[in-house]
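Written out below as structure tokens is the structure these notes cover.
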Amino acid sequence: MKTIGLIGGMSWESSAVYYEIINNEVKKLLGGFHSCKSIMISVDFAEIEALQHNDDWDALNNTMVSSAKKLEIAGADIVILCTNTMHLCAESIIKNISIPFLHIAEATGKEIRNQKIKKVGLLGTKFTMEKDFYKNILTNDFGIEVLIPTSEEREIVHNIIYNELVHGQIKNDSRKLYKKIIQNLEAKGAEGVILGCTKIPLLIKDSDVNIHIFDTTKIHAKKAVEWAMKG
């Protein structure tokens, strides 16, 4: 088994879910007393959130690269970033480390292709929904059409993430809003929906919607274990 390096803390609640999934997956595969060999470096999300909303991606790149390098020095064999939005820094990370980096959109694209789905909705922060770093991988590498909510709906999705979910607040009214937004994407032809923020699965489950859910936290974590076991 290889050692998985995790960059966490964005937010710590979703990083805890990564850690739980990874260790449960290893236990399921190996049984007994087995758990995952892993190293996590956790950042202060207050600093990250402020830089995101100040649009200071140079500073964010530096923070993510520094974290990845620390994981490599500590003995990690692969790096995963426990957040969707911060994959805006993926290119910089990849350029500055010599171990593999498992991109969350690539892992998700493979899973969507396995389900033979061609059109999906994408929920996440406004950075993830509006910028091309995520959608381009799905479209260019996997031939998947990506639909995003309306401008007003994107604002709702984004605000619930930052005002509630990153603080561990799970509200039924917010769940209803998300369900309605997903229904609107379904009406536009989406065969599935990507929960493209690692906090959203804390709010939305399979039973909440009629179309296929792609839980990026679960997909990414399981792909990391698959790599570590094969490695």
Scanning the stretch 174-214 for residues that are among the hydroxyl-bearing types (Ser, Thr, Tyr) and crowded, with 17+ Cβ neighbours inside 10 Å, the one farthest from Ile144 (Cα to Cα) turns out to be Ser174
Log entry, pairs with first residue in the stretch 199-211 being more than 20 Å from Phe45 (Cα to Cα) and not assigned by TED's automatic domain parsing to the domain that holds Gly124, second being at pLDDT 90 or above and not small (Gly, Ala, Ser), beta carbons closer than 9 Å, six or more apart or on different chains, reads none
Residues of the stretch 142-177 being under 26 Å from Ser92 (Cβ atoms) and over 18 Å from the mean Cα position of the chain (by Cα), in sequence order, are none
Of Ile137, Ile161, the only residue that is in contact with a Cys (Cβ under 6 Å, 6 or more places away or on another chain) and either assigned to a helix (DSSP H, G or I) or assigned by TED's automatic domain parsing to the domain that holds Lys188 (or both) is Ile161
Counted residues in the stretch 96-125 being within 16 Å of Asp141 (Cα to Cα) and not in a helix (DSSP H, G or I) come to 8
Exception for Ile117 within (1) within 18 Å of the chain's Cα centre (by Cα); (2) buried (at least 16 other Cβ atoms within 10 Å of the Cβ) falls at (1)
Reported set for the stretch 20-39 where residues are buried (at least 17 other Cβ atoms within 10 Å of the Cβ) and either within 16 Å of the chain's Cα centre (by Cα) or not aliphatic (A, V, I, L, M) (or both) is Ile21, Ile22, Glu25, Cys36, Ser38
The residue that is modelled with the highest pLDDT, considering only those in the stretch 60-95 that are buried (at least 19 other Cβ atoms within 10 Å of the Cβ) and assigned to a loop (DSSP other than H, G, I, E, B), is Ala76
Of the conditions (1) of a type in the set (Val, Ile, Thr); (2) modelled with pLDDT under 95; (3) in contact with a Pro (Cβ under 8 Å, 6 or more places away or on another chain), the single one that Val166 does not satisfy is (3)
Worksheet item: Is it true that some residue in the stretch 8-24 is over 25 Å from Leu122 (Cβ atoms) and either modelled with pLDDT under 95 or in a strand (DSSP E or B) (or both)?
Response: no
How many residues of the stretch 28-52 are closer than 16 Å to Ser67 by Cα, in a helix (DSSP H, G or I) and of a type in the set (D, E, K, R)? The answer is 1
Of those in the stretch 180-203 that are out of contact with any His (no Cβ under 7 Å at 6 or more places or on another chain), part of a loop (DSSP other than H, G, I, E, B) and among the charged types (D, E, K, R), the residue nearest to Val157 (Cα to Cα) is Lys199
Selection from the stretch 39-82 of residues in contact (Cβ under 8 Å) with a residue 40 or more places away in the chain and on the phi > 0 side of the Ramachandran plot yields Gly75
Taking the stretch 186-212 and keeping residues among the aliphatic types (A, V, I, L, M) and within 20 Å of the chain's Cα centre (by Cα) leaves Ala190, Val193, Ile194, Leu195, Ile200, Leu202, Leu203, Ile204, Val209, Ile211
| task | Might you let me know whether the stretch 100-111 holds any residue that is surrounded by fewer than 17 Cβ atoms within 10 Å (Cβ to Cβ) and more than 30 Å from Thr3 (Cβ to Cβ)? | result | no
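The values are calculated or read from the model by the stated rules, or taken from the named source; none is laboratory data. For clarity, every value in this text was computed on a predicted model and none was experimentally measured. Cβ atoms come from the backbone with ideal geometry, glycine included; neighbour counts cover every protein chain shown.
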